[in-house]
Every structure is written in structure tokens, then in C-alpha cells.
Amino acid sequence: MQRNVGTFVGQRVIEYDPEKPARSDVAYRFRSDYDNNPVLENLAHFAASDAAAQCSALVIGAWHGDDSQADSSDVIAALAEHAPRFPRLVAIYLGDMTYEENEMSWIQQSDLSPLLDAYPQLQLLRTRGGENLSISRPQHANLRALAMETGGMDASVVQSLGKAQFPNLEYLELWLGTEDYGGTATVEDLQPILSGKLFPKLKYLGLRNSDKADAVAVAAAQAPVLQQLETLDLSLGTLSDEGAQALLGLKAPLKRLNLHHNYISSELVRQLKDLPLSLDATNPSGMEADDEDRYVAVGE
């Protein structure tokens with residue numbers, strides 16, 4: 001969260017400037033600052049342009065101006081209102097904010113379902129921020145990728161996903177976070193996802209940034225969903241030898257295992273490297289397996 005995204009779904013991200021001719025070969029970012037909040041105005045301006053009909057990706061940054069308690073509902077409503085002007089929009093990033101703009105656990109989200117309802121052609125939705133995050137109607141015929149970054153994911157969000165109807169979902173990335181910042185989701189809440197019955201086309205499963213990483217790893221290592229996955233991503237959490245030990249029995253068809261940012265001993269890392277897959281068990285400098293205090297990569 002140190003920088004805003006520079007590319008999104010292969011397109012260069014640039015700030016929208018209503019004084020310049022609108023383009024269709026970039027992904028525009030719409031955001032406010034403390035002195036000026038033109039997000040809704042600029043969205044309407046772009047939607048009225050000829051370039052909107054060719055737009056395939058949008059990035060929404062800080063929408064709150066000088067009111068840090070403002071949630072994403074107005075932005076979502078505006079995007080839904082302008083949906084007829086964006087017939088080719090297939091990718092949305094809602095919440096591209098740096099630490100300086102807003103800490104991830106302070107970002108006020110809202111119900112994402114109006115966005116899903118308004119864009120039946122949507123293929124990718126990425127969000128950042130867990131406060132008030134919800135999906136009241138978790139269904140979409142064409143969504144292929146869903147990523148939700150939080151410093152603490154409420155159990156209700158995972159439970160909603162456990163009832164989701166996303167028949168074409170191939171990529172699911174959940175930042176579960178820590179109890180200190182609202183992360184109440186449990187391994188039990190994940191069971192419908194781990195069952196392998198919910199998303200028949202799922203190839204990537206990311207259960208990231210979790211302070212329950214050991215329990216998540218133990219559950220994932222035995223989960224039926226592994227029979228369809230190509231990538232299991234348990235990175236950014238507090239994974240130790242306890243959870244990593246359970247991963248030693250992983251087999252094909254899994255091709256990639258991401259454990260970046262972990263508390264695994266060097267000996268167990270060496271054993272994991274013998275698995276018949278691509279492994280990332282790298283760590284930021286200064287992290288040690290025997291650290292008494294263990295932290296997720298992003299809490300606050």
C-alpha cells in the first residue's frame with residue numbers, strides 16, 4: 001500500500017483529467033484529496049465521453065475527500081448509474097489507496113452487490129478495505145476473478161461467499177487479516193470454499209494476510225478443492241512450522257505454493273522445496289522463524 005497501482009489488467013493507470021481528451025487505451029483512476037473531491041463529477045464527465053464506450057477497466061482511489069468516514073456507497077451508486085455508458089467495462093478496482101490516503105482497515109466500504117448487478121459483463125473485481133464490506137447478493141454469471149484486501153475480514157463476508165453463485169470464478173483472493181482489526185472469519189467459515197463444490201472452475205485460491213494462517217494451512221492441505229487448484233496462496237500471514245508441516249503432503253495438480261512472509265524454520269523450508277511444485281517461501285528482511293511476536297503483513 002505504499003504506492004497506487006501503475007497498471008491494472010495490463011493497462012497503464014493514469015489520473016483522470018477532465019481538461020484533457022478522454023482516452024480508451026488506459027485505465028483511468030478517479031480519486032479525491034483532502035482539499036478537493038471530484039470523484040463523482042469526473043466519473044460523470046468521463047461517462048459522457050465517447051471513450052467510455054471502449055473503456056475496459058476503471059480504478060477508484062480515495063473517494064472520501066476530507067471525510068474519512070465516507071463509505072463507497074455513493075461511488076458504487078454512480079458506477080451503477082453510468083453502467084449503460086460502459087458496455088465493455090470488465091475490470092474494476094475499488095479502493096486503490098495508499099497508507100497516506102487511508103489505512104487499509106480504516107477504508108469504509110459498503111455493499112458490492114449493486115456493482116455486480118449493474119455490470120453483467122464484469123470479469124474482475126478487486127476491492128481494498130474491510131469496514132462495512134458486504135456482498136448481499138453474491139451472484140454473477142461471468143465474474144472470473146474476485147480479490148478482497150482487508151486488514152480484518154468480517155465473518156459475514158466469508159459466509160456470504162460460502163453461498164455465492166459465481167459459476168465461472170477462476171481466481172479468489174481473500175485477505176483475512178487479524179482479529180485486532182475486525183478479522184472474525186474462522187476456518188469453519190471457509191469450509192464451503194474449501195469443499196471444491198462451490199466454484200467448479202477455481203484455479204487460484206488465496207487465503208492471505210491471516211493471523212490464523214496455521215489453522216488455515218492445516219485445513220487447506222486436506223481440502224477437496226486442492227484437486228482443482230493450480231495455485232494455493234497462503235502468503236502475508238503468520239504461517240509457522242505448525243501449519244507448514246501439513247503442507248508437506250501436497251501433490252499434483254497443484255503447481256504453485258506461495259508462502260511469502262512467513263515464520264517457517266529454514267529446515268522446514270528446505271523440505272518444502274522438495275515438493276513437486278513452484279514454491280515461494282521468501283521473507284522480508286528481519287523476519288525470523290523464532291520471533292515471539294508474529295504479525296500479518298497488513299493489519300491496520
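The values are calculated or read from the model by the stated rules, or taken from the named source; none is laboratory data. What you are looking at is a predicted structure, and each value in this text was computed from that prediction instead of being measured. In this analysis, Cβ positions are derived from the backbone assuming ideal geometry, glycine residues included, and neighbour counts consider all displayed protein chains.
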- Message: Condition first: closer than 23 Å to residue 200 by Cβ and in contact with a helix residue (DSSP H, G or I) (Cβ under 8 Å, 6 or more places away or on another chain). Now tell me which residues in segment 228-250 satisfy that.
- Response: 232, 234, 250
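Conditions tested, residue by residue: (1) modelled with pLDDT under 95; (2) under 23 Å from the mean Cα position of the chain (by Cα); (3) surrounded by 14 or more Cβ atoms within 10 Å (Cβ to Cβ).
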position	(1), (2), (3)
38	yes, no, yes
51	no, no, yes
56	no, yes, yes
61	no, yes, yes
83	no, yes, yes
89	no, yes, yes
92	no, yes, yes
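Conditions (1) closer than 30 Å to residue 300 by Cβ; (2) touching an Asp or Glu at 6+ places or on another chain (Cβ under 8 Å); (3) in a loop (DSSP other than H, G, I, E, B), marked per residue:
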| position | (1), (2), (3) |
| --- | --- |
| 22 | no, yes, yes |
| 63 | yes, yes, yes |
| 93 | yes, no, no |
| 96 | yes, no, yes |
- Task: Could you please find all residues in segment 193-205 being of a type outside the set (A, V, I, L, M) and surrounded by 18 or more Cβ atoms within 10 Å (Cβ to Cβ)?
- Result: 199, 204
- Taking segment 1-19 only, how many residues are closer than 16 Å to residue 32 by Cα, in a loop (DSSP other than H, G, I, E, B) and touching a residue at least 40 places away in the same chain (Cβ under 8 Å)? 3
- Query: List pairs: first in segment 64-88 and among the hydroxyl-bearing types (Ser, Thr, Tyr), second surrounded by 14 or more Cβ atoms within 10 Å (Cβ to Cβ) and not in a loop (DSSP other than H, G, I, E, B), Cβ under 8 Å, 6+ apart or cross-chain?
  - Reply: 68/106; 68/108; 72/60; 72/94; 72/108; 73/111
- Task: Select, from 259, 275, 248, the only residue that is under 23 Å from residue 151 (Cβ atoms) and not polar (S, T, N, Q).
- Result: 259
